[in-house]
Amino acid sequence: MISLIQNLIDALSLGSLYALVALGIGLLFGILRLINLAHGDFITVGAYALIVPSTEAVAQLAIGGFHPILLLPSIALIVVILALLTDALVFRPLRRAAQPSLMIASFAVSYIIQNGLILIYGARPKNLNLWPALTGQIALGELRLPTLQIVTIVTTLVLMIGLALFLKRTSYGVQMRAAAEDFRMARYLGVRGNLVIGMAFAISGVLAAVVSLLFLSQTGSLETGLGVPLALFGLVAVVIGGMGSLVGAVVGGFLVGAIVTLLQAYLPVEMRSFRDAFAFAFVIVILLWRPSGLIRAKAFDQRV
Amino acid sequence: MALLTVENLHVSYGGVTAVRGLSLSVNEGEVVSILGPNGAGKSSTLAVIAGGVAPRAGRVTYAGQDITGGRAEEIARSGISLVPEGRHVFATLTVEENLAVGTYMHKGKADIAGVLERFPRLKERRDFPAGRLSGGEQQMLVIARAMLAKPKLMLVDEPSLGLAPLIIDQVYDILLDLRRQGMSLLIVEQSTSRILKHADRIYVLRGGAVQLEDTAANLRDGEAIKRAYFGFDEGAA
Ligand SMILES: Nc1ncnc2c1ncn2[C@@H]1O[C@H](COP(=O)(O)OP(=O)(O)OP(=O)(O)O)[C@@H](O)[C@H]1O
Ligand SMILES: [Mg+2]
């Protein structure tokens, strides 16, 4: 029973990270039809921004030493600026480009960011123990819950509720949803295209920054490719959830988290190193069963 | 005074030429109609006026300003509303949210409740996702949404397409109501009869160019329109 609950918490906290990544990718896909492979590198930049830029092997805290109340907005601001710059320099000139061209461009951005990080910080991984207080456990009777996982789950819930309220209740949120459904029609109604896209990049940046901090707190290690597998799993979550549906992205994120956690817990020890192969096999099964994802993007659910 | 003038417009998509040398104008308070067969270039013309498509050549002037090739959102904000062909409702947004999108350029200061009074079917379904509405209800919704943008000029592309005659009557009742309130209208249609009754002036388009242009009164018997529409040689017919 106890181990079941602990596995469940594991699955929820890993799923939370994937869901946050999937939301960041899904939001841009919804509006721009852009599959942003550089999203993982936004996450990496958020993590590196914590330390002093130098190629030395030992990481020196810079922003990472701030009080969390200051740290969080600082990192978010840096990643948001990066995301907005990426839009202005790369994607805005490509507004009329075909979808594959956009994806290739994001691939290029991903490489440029990773190489830039190597140039500034060196290629060797660095240890960084952010927020040691979070490595403890909360005891609930016999149950011991890792503080960091609880923090991860709660943060994710708060962000998701915030995003849902923004999209549902504010005029900018409604404009974003309208643009995601029919960009040209939204512009015919006076919705400013570049503003809506900029907001999507900014929100995507905030989500990436939060993932940076949560993920780094878990692993304690900085490397220039740290966001790449996160973006891959996030993208998988978006696809199995149903491209174009944000609810789908969240569901997909938690599902991928659950699959990976269950495999980690219940695969025979000698097979655990193949965990990700099994996880992707599951993904293929899901796609065979539901080729367009679990949640059909409702835009296609139109009356004929 | 001409509210809108289009001069010598040329539109092409890659190698396909859709409009060649078209000119037209809409005066303040006027209802003007563009008639023409499939592929004549009617929707392309409206798209250029509304800023959705950049023309290859030509000039669009609105209220004395050159708006050629302007951004769609800025043209919308300057008082031109396009109701495009094929009912572009935001399917997952509720009816009320769809209407709200039309109001944001006026900082939300628009009378959604008042407009809903004139569309009882929409009022009943205000919390429905727009994608679930019937075709006629969706057509009502896109017109109501465009009304809330408070344009001076509304461009309406084939409002009667695929609707039952009774619903078409309702759509035209609303359009004529707008005209009575001083709005100018440029309406694209394929069927002649209703337009002859309601428009002030008519342009017949074929092959991307104006074949015939006259007042509805002069074209009342429909014969000249038929010839221009189908391209029969005038002498032979
Ligand atoms: N986006 C596009 N890409 C390529 N060709 C296009 C595009 N839009 C229109 N065309 C072509 O331009 C020509 C004119 O099209 P347009 O839609 O303006 O005609 P229309 O008069 O509105 O026709 P309909 O009555 O069928 O709506 C057609 O030959 C069409 O195939
Ligand atoms: Mg058309």
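The values are calculated or read from the model by the stated rules, or taken from the named source; none is laboratory data. The shown structure was predicted, so the numbers you read here are calculated from the model rather than taken from an experiment. Glycine also receives a Cβ, built like all others from the backbone with ideal geometry; neighbour counts cover every protein chain displayed. Heads up: the accessible areas ignore ligands, DNA and RNA and are worked out on the full protein's heavy atoms, side chains in. Shrake-Rupley method; radii C 1.70, N 1.55, O 1.52, S 1.80 Å.
Summary table below
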{"read-out": "Listed residues B:80, B:103, B:153: farthest to the positive end of the dipole of the protein assembly as shown (Cβ charges)", "value": "B:103"}
{"read-out": "Residue-wise HN-Hα coupling along region B:121-129, computed from phi with Karplus coefficients 6.51, -1.76, 1.60 (Hz; x: Gly, Pro)", "value": "4, 6, 4, 4, 9, 4, 9, 6, x"}
{"read-out": "Heavy-atom surface of region B:1-148, accessible at 1.4 Å and reported per residue (Å²)", "value": "38 Å²"}
{"read-out": "Longest DSSP-loop-exposure-free segment, GluC sites (Glu not before Pro), chain B, at most 14 other Cβ within 10 Å", "value": "B:29-233"}
{"read-out": "Beta bridges by DSSP in the protein assembly as shown, antiparallel share as percent, to the nearest 5", "value": "60 percent"}
{"read-out": "Rounded percent of accessible protein surface that carbon and sulfur make up, chain B, 1.4 Å probe", "value": "49 percent"}
{"read-out": "Cα-centred dipole magnitude for the protein assembly as shown, charges only on beta-carbon of K, R (+1) and D, E (-1), debye, nearest 20", "value": "200 debye"}
{"read-out": "Heavy-atom accessible area per residue - region A:17-67, 1.4 Å, Å²", "value": "29 Å²"}
{"read-out": "Kyte-Doolittle mean at least 1.6 and Cα axial length at least 24 Å: DSSP H helices in chain A", "value": "A:2-32, A:68-86, A:147-169, A:193-219, A:246-266"}
{"read-out": "Fraction of accessible area attributable to carbon and sulfur, region A:2-303 (%, probe 1.4 Å)", "value": "69 percent"}
{"read-out": "Extended-chain gain in nm, criterion 0.36 nm per residue less alpha-carbon gap, residue A:288 and residue A:90", "value": "67.8 nm"}
{"read-out": "1.4 Å probe, heavy atoms, protein only - residues of region B:53-95 losing at least 30 Å² accessible area vs chain alone", "value": "B:71, B:72, B:73, B:77, B:82, B:88, B:90, B:91, B:92, B:93"}
{"read-out": "Summed buried accessible surface, chains B and A, 1.4 Å probe, nearest 100 Å²", "value": "2500 Å²"}
{"read-out": "Residue-by-residue Karplus 3J(HN,Hα) for region B:197-204, coefficients 6.51, -1.76, 1.60, Hz, glycine and proline x", "value": "6, 10, 8, 7, 10, 9, 10, 10"}
{"read-out": "Charged-residue dipole, Cβ positions (Lys, Arg, Asp, Glu), chain A about Cα centre, Debye nearest 20", "value": "1000 debye"}
{"read-out": "Kirkwood hydrodynamic radius over Cα pairs of region A:2-303, then Stokes diffusion coefficient at 25 °C and 0.890 mPa s, in µm²/s", "value": "123 µm²/s"}
{"read-out": "Cβ-Cβ FRET estimate between residue A:170 and residue B:123, R0 fixed at 25 Å, reported to 0.05", "value": "0.55"}
{"read-out": "Cβ-defined net charge surrounding residue B:111, 12 Å radius [Lys, Arg +1; Asp, Glu -1]", "value": "+2"}
{"read-out": "Built amide H within the under 5 Å cut-off of residue B:34, gap 5+", "value": "B:187, B:188, B:189, B:203"}
{"read-out": "Dipole of chain B [Lys/Arg +1, Asp/Glu -1 at C-beta], most positive-end residue of B:130, B:34, B:191", "value": "B:130"}
{"read-out": "Residues in region B:109-155 occluded by at least 50 Å² - accessible area, probe radius 1.4 Å, against chain by itself", "value": "B:132"}
{"read-out": "Radius of gyration and Dmax over the Cα atoms of the protein assembly as shown, both given in Å", "value": "28.2, 99"}
{"read-out": "Residues with amide H under 5 Å from that of residue B:21, placed H, sequence gap 5 or more", "value": "B:9, B:10, B:11"}
{"read-out": "Relative contact order (%) - region A:2-303, alpha-carbon pairs under 8 angstrom, separation at least six", "value": "35 percent"}
